[in-house]
1. Of the residues that make up the range 46-57, is at least one at pLDDT 95 or above, assigned to a helix (DSSP H, G or I) and either of a type outside the set (Gly, Ala, Ser) or in contact with a helix residue (DSSP H, G or I) (Cβ under 9 Å, 6 or more places away or on another chain) (or both)?
2. For residue 43, state whether it is modelled with pLDDT under 95, out of contact with any strand residue (DSSP E or B) (no Cβ under 8 Å at 6 or more places or on another chain), at negative phi and not β-branched (Val, Ile, Thr).
Amino acid sequence: MSGPVQMNGDGVSVAPDSNRPAKPEVAVVTEGSAGGGRAVVRRFAAAGAPVGIIARGIDGLRGAGRDVEKLGCRALILRGT
């Protein structure tokens, strides 16, 4: 993606000079194994981005990784300490 990314009124990134959602190249989400973080993980994957997910709980990380893969994207899970 080239150029700046802007947000529309719904908090969705859009391509400059467009009202279409921009496709993120890669997303990295901390605390992505549960709750709001996991919802962010799913949203990036639904937009077509591979997602790196960082959190402490391995079971939640694995589940979030499966969520991403079900949406057709790659997931990298990293367990923090």
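The values are calculated or read from the model by the stated rules, or taken from the named source; none is laboratory data. Please read all numbers here as calculations on a predicted model, not as lab measurements. Virtual Cβ from ideal backbone geometry, glycine too; neighbours counted across all protein chains shown.
1. Within the range 46-57, none of the residues are at pLDDT 95 or above, assigned to a helix (DSSP H, G or I) and either of a type outside the set (Gly, Ala, Ser) or in contact with a helix residue (DSSP H, G or I) (Cβ under 9 Å, 6 or more places away or on another chain) (or both).
2. Yes.
Listed here are the residues, each with its yes/no results for (1) of a type in the set (Gly, Ala, Ser); (2) surrounded by 18 or more Cβ atoms within 10 Å (Cβ to Cβ); (3) touching a residue at least 60 places away in the same chain (Cβ under 8 Å).
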position: 55; (1), (2), (3): yes, yes, no
position: 65; (1), (2), (3): yes, yes, no
position: 72; (1), (2), (3): yes, no, no
position: 79; (1), (2), (3): no, no, no
